[in-house]
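Enquirer: Sending over a structure as structure tokens; questions will come in a sec.
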Amino acid sequence: SMAPAPVQSSHPVKVIAFASGGGVLADAVAVELANRGFTIIDPGTTSSLIARLGITEVEIAQPIGLSRLKEQGIDAYLTIRAADGYSGVPTSASARLTSTDNGQVLGGLTWQNGWGGVEGSPADRVMRSGLSQAAQQIAEALVTRLPK
């Protein structure tokens, strides 16, 4: 599911900083976004930048933190949280892309994996998306929400 379209930001998004704590799904989404032409600031670099700028992880999503990211040439801040299932395959995830220009949420979504039959059964394995397919679906949903 995706959040309704917000009033679009006037600036294009080219550089996206990733929040820490998103795990392997966030890394996979970063690869998908990079493959689509975005410049990605990985979570480790984002954390170092936040520390160097003297702001906390909590302040980063507030106007002062976002404006400091904008001063560094970053257009948006992406937070991804995921829950993994029994086999390490994501079962659900949420993502929120916030503009550093005005603090507006450019795109938000929740994603849930398919299921079928008993966990681990052949039917269940057929119905579930793997990590790369989940990342592709999430990246595509986010890209469709961005200003052109």
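The values are calculated or read from the model by the stated rules, or taken from the named source; none is laboratory data. Treat the numbers as computed from the prediction; the structure is a model and nothing was measured. Positions of Cβ are backbone-derived with ideal geometry, glycine not excepted, and every protein chain shown enters the neighbour counts. Side chains are part of the model used for accessible areas, which takes the heavy atoms of the whole protein and leaves out ligands, DNA and RNA. Shrake-Rupley method; radii C 1.70, N 1.55, O 1.52, S 1.80 Å.
Enquirer: Output the number of residues of region 43-59 satisfying the condition of being surrounded by 14 or more Cβ atoms within 10 Å (Cβ to Cβ) and either polar (S, T, N, Q) or touching a Pro at 6+ places or on another chain (Cβ under 7 Å) (or both).
Expert: Here is the first cut: in region 43-59, the residues surrounded by 14 or more Cβ atoms within 10 Å (Cβ to Cβ) are 43, 46-47, 49-50, 53, 55, 57, 59.
So of that shortlist, the ones also either polar (S, T, N, Q) or touching a Pro at 6+ places or on another chain (Cβ under 7 Å) (or both) come out as 46-47.
Selection size over region 43-59: 2.
Enquirer: Conditions: (1) at pLDDT 95 or above; (2) open to solvent by less than 30 Å² (accessible area, probe 1.4 Å). Ala34 meets all but one. Number of the miss?
Expert: (2)
Enquirer: Pull up region 14-25, narrow it to residues that are among the aliphatic types (A, V, I, L, M) and either in contact with a helix residue (DSSP H, G or I) (Cβ under 6 Å, 6 or more places away or on another chain) or modelled with pLDDT of 95 or more (or both), then point me to the one that is surrounded by the most Cβ atoms within 10 Å (Cβ to Cβ). Before you say what the answer is, go through the steps one by one.
Expert: Within region 14-25, the subset among the aliphatic types (A, V, I, L, M) is 15-17, 19, 24-25.
Narrowing further to those that are either in contact with a helix residue (DSSP H, G or I) (Cβ under 6 Å, 6 or more places away or on another chain) or modelled with pLDDT of 95 or more (or both): 15-17.
Numbers: Val15: 16, Ile16: 24, Ala17: 26.
My answer is Ala17.
Enquirer: Same structure, new question: What number of residues within region 60-106 are touching a residue at least 40 places away in the same chain (Cβ under 8 Å), outside any loop (DSSP other than H, G, I, E, B) and either buried (at least 20 other Cβ atoms within 10 Å of the Cβ) or of a type in the set (D, E, K, R) (or both)?
Expert: 15
Enquirer: Within region 34-59, count every residue that is under 13 Å from Tyr77 (Cα atoms) and part of a helix (DSSP H, G or I).
Expert: So the answer is 7.
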